[in-house]
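Written below as structure tokens is the structure these notes are about.
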Amino acid sequence: MHQLSVRHIAIAMIFAAPLTGLAADNKPAGPVFDPDGTVHVPAFDLPPSTLISKEALEAQKMRAGRPGGVPSSTGDIAATRKGLEAMLAPQVAGMRNTYSVDVVDQTMAGVPTRIVTPKDKPFDPKRVLINLHGGGFTMCADACALLESVPIASVGGYKVVTVNYRMAPEAAHPAGVEDAAAVYRELLKSYKAKNIGIYGCSAGGALTAETAAWLPAHGLPQAGAVGIFGAGAVRFGAGDSAWVAAYIDGSFPAPATSGTPSPDMSRGYFANTDMADSIISPAMHPDVMAKFPPTLIITGTRAMDMSPAIYTNFQLLKAGIRSTLIVGEGMGHCFIYQSNLPEARDAYQVIVDFFRQNLH
């Protein structure tokens, strides 16, 4: 204990020392804390992490001079969707060149899906995965679905059913989770619940958490395992990381402050809903979390979803549920979309192994 205490004191002295002085312009060299807990953070330069791959470093360098941000949440939705698909097309092509798969359109329980399987080799006949794509509950039904399903089907030898669930502005919650549950119910005719896995990234990660909460609440057996990537089982914008990522990554704006509205990237998908609801934010409900299956959570140190991911992992562990949290160093939101990154390829293997170990 003495050794530990001395170490903690030494660390505190090291980090506190610079805060005792002033910068050259007589401004505080460190953060300033308000009585209500608000922290005024001084401007600083954040260099690339020394722990990321050379490919990730090159990707960061390529952002030089580019503005941050996501597709506009206003304007014509058809044009926005088309623009995003065009922007991601080279990424999808690269993914499919690297990972060879067959893709077949199929309607299941009235819901459009794509069946993705490894090309020219057998796939696991016992297990099946449901993919719920990202895209802010408004878009990316094609590109994001393939970016998430292609590598997992190929690397793992899995059949992946990626669901084109209803989105805004044409639909609203709970349309997406209803569609996911409908496909799941259909798959139960051919597979045991313990052999079905569900996963997704970004909005798809959030929808995966919703589905894990929805199934037992609606009399359906729980899935064998779930993967929540680029999200948590709590509303987006919650926690520290939404603020930090806004200024060190820039892909998403900071949450709204008092009296300042923030853009609704979901185009009203969650309008007139309680964001603390047990389906939308199950991590805020211990009784719901206690019914979750084994869960894999993936985020990044520069991702706005890191806080929801960390919080969800902790709530699952408190509920006695097996949970694994992977935090990619220097990685941003849904870094698994970038198949050229070693960090993404490592994540694919982790995902494949997780489902193989937990779908019995």
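The values are calculated or read from the model by the stated rules, or taken from the named source; none is laboratory data. This is a predicted model, so every value here is computed, not measured. Heads up, the Cβs are rebuilt from the backbone with ideal geometry, glycines too, and the neighbour counts pull from every protein chain shown.
Observations
- Restricting segment 179-189 to residues that are in contact (Cβ under 8 Å) with a residue 12 or more places away in the chain and of a type outside the set (Gly, Ala, Ser), the residue that is nearest to THR138 (Cα to Cα): ASP179
- Condition check for ALA290: assigned by TED's automatic domain parsing to the domain that holds PRO151, at pLDDT 95 or above and of a type outside the set (Val, Ile, Thr): yes
- Within segment 71-102, considering residues that are hydroxyl-bearing (Ser, Thr, Tyr) and part of a helix (DSSP H, G or I), the one surrounded by the fewest Cβ atoms within 10 Å (Cβ to Cβ): THR98
- The set of residues in segment 310-324 that are of a type in the set (A, V, I, L, M) and either within 13 Å of PRO282 (Cβ to Cβ) or crowded, with 20+ Cβ neighbours inside 10 Å (or both) comprises LEU316, ALA319, ILE321.
- Qualifying residue in segment 326-334 (condition: touching a residue at least 40 places away in the same chain (Cβ under 8 Å), assigned by TED's automatic domain parsing to the domain that holds GLY205 and in contact with a Cys (Cβ under 8 Å, 6 or more places away or on another chain)): yes
- Residue within segment 105-120 that is farther than 20 Å from ALA347 by Cα, surrounded by 18 or more Cβ atoms within 10 Å (Cβ to Cβ) and not aliphatic (A, V, I, L, M) present: yes
- Single residue of segment 334-347 satisfying the filter (of a type outside the set (Gly, Ala, Ser) and touching a Phe, Trp or Tyr at 6+ places or on another chain (Cβ under 7 Å)) that is farthest from ARG302 (Cα to Cα): LEU341
- If the condition is being touching a helix residue (DSSP H, G or I) at 6+ places or on another chain (Cβ under 9 Å) and either among the aromatic types (Phe, Trp, Tyr) or modelled with pLDDT of 95 or more (or both), then segment 264-275 contributes only TYR269.
- Residue in segment 285-296 that is surrounded by fewer than 21 Cβ atoms within 10 Å (Cβ to Cβ) and of a type in the set (A, V, I, L, M, F, W, C) present: yes
- Segment 252-275 residues that are assigned by TED's automatic domain parsing to the domain that holds HIS333, paired with ones that are modelled with pLDDT of 90 or more and of a type in the set (Val, Ile, Thr) (beta carbon under 8 Å, 6 or more apart): MET265/THR138; SER266/THR138; ARG267/ILE77; ARG267/THR138; TYR269/THR138; PHE270/ILE280; THR273/ILE280; ASP274/ILE280
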